[in-house]
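For reference, the structure is listed below as structure tokens.
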Amino acid sequence: MIKTGLIAAVPVAIVCALFLLVRADAIKEEVKSDIKAVGFSGQNPLAWIGLWSVIAIAFGVFATWVYTFLVSHWNWGPTQYLTLAAVLATVLSVLAFLKIYNGEMHPFRYEWIGLNYAFAVGFGYLIPRMVM
């Protein structure tokens, strides 16, 4: 299970890194305009890439465990798992647009959406095929 999660995390981390590199200027601009938006990953987009790569590795192992649990207990298949991942990504993405962050929308909502769907599609597609 750990091996599968780690292997699935590699392409997801690469897609996230590419996405964050494309959005690097927007991230820097947002950090300049609102220093409270920096969070725990700093101003440097490379720090964001490192952080999200580590998160992808941890989440890959967890997502593999979830898939094996759903298959063994509820007889789920790849389609149901991918659907669950897409629904969760959509719900989390909608939260970024609600004004719940000190009365504002999430400062990195577009990055958040991209990362949500990179995780959902990447893990939702890869893990079921790797576990089979």
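The values are calculated or read from the model by the stated rules, or taken from the named source; none is laboratory data. Given the structure is predicted, the values throughout are model-derived calculations rather than measurements. Cβ sites come from the backbone with ideal geometry, for glycine too, and all protein chains shown count toward neighbours.
One table, with the values for the structure above:
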{"read-out": "Residue count for region 13-72, restricted to those that are at pLDDT 80 or above, surrounded by fewer than 17 Cβ atoms within 10 Å (Cβ to Cβ) and small (G, A, S)", "value": "6"}
{"read-out": "Tally, over region 83-108, of residues that are surrounded by 18 or more Cβ atoms within 10 Å (Cβ to Cβ) and in a helix (DSSP H, G or I)", "value": "4"}
